[in-house]
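The next block holds one structure in the form of structure tokens; read it before the comments.
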Amino acid sequence: MTEKNILKTYMVKDELLEAEARGMLLTLLSLPDDRNYSIKNLQKIMPCGYTKISNCLNKLEDAGYLRRFRVFEHGRVVRWEYQFAPDPVFRKKKIDV
């Protein structure tokens, strides 16, 4: 069985994303949906540190490629769930690029 990935040119040309955020998004989109996307786990597969990963995730969220949800149990946050998209479907306002 072969796996086929289609690269959306929108994210490559999106001026809201720096090169590092684009590279991280490409990497994250290639991972299984059920992966643990905590920053500590991402450090194991990304060649950068905690702060850089955190900043890139924030930029992806601001640009609309990432949506994060807190998951609560007994009134406490137990984990975060991440949704990634190859297009800025989570962008709060339309920006011409």
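Whenever a residue of segment 70-84 is on the phi < 0 side of the Ramachandran plot, its partners that are of a type in the set (Lys, Arg) and in a loop (DSSP other than H, G, I, E, B), lying with C-beta atoms within less than 9 angstrom and at least six residues away or across chains, give the pairs 82/35. Considered as a group, the residues in segment 19-66 that are farther than 13 Å from residue 80 by Cβ and hydroxyl-bearing (Ser, Thr, Tyr) include one that is nearest to the chain's Cα centre (by Cα), and that residue is 65. When the residues of segment 6-47 are filtered to those that are among the acidic types (Asp, Glu) and modelled with pLDDT under 90, the one that is surrounded by the most Cβ atoms within 10 Å (Cβ to Cβ) is 14.
All of 89, 97 fail the test of being modelled with pLDDT under 90 and in contact with a strand residue (DSSP E or B) (Cβ under 9 Å, 6 or more places away or on another chain), apart from 89. Go through 65, 50 for me and flag whichever is within 17 Å of residue 16 (Cα to Cα) and either surrounded by 11 or more Cβ atoms within 10 Å (Cβ to Cβ) or of a type outside the set (Lys, Arg) (or both). 65 is the lone residue from the list that is within 17 Å of residue 16 (Cα to Cα) and either surrounded by 11 or more Cβ atoms within 10 Å (Cβ to Cβ) or of a type outside the set (Lys, Arg) (or both). Just name the residue that is surrounded by the most Cβ atoms within 10 Å (Cβ to Cβ) out of those in segment 53-62 that are out of contact with any Lys or Arg (no Cβ under 8 Å at 6 or more places or on another chain) and charged (D, E, K, R). Applying the filter and picking the extreme gives 59.
The values are calculated or read from the model by the stated rules, or taken from the named source; none is laboratory data. What you see is a predicted model, and the numbers here were worked out from it, not measured in a lab. Don't worry about glycine lacking a Cβ; one is built from the backbone with ideal geometry, like all the others, and counts go over all protein chains shown.
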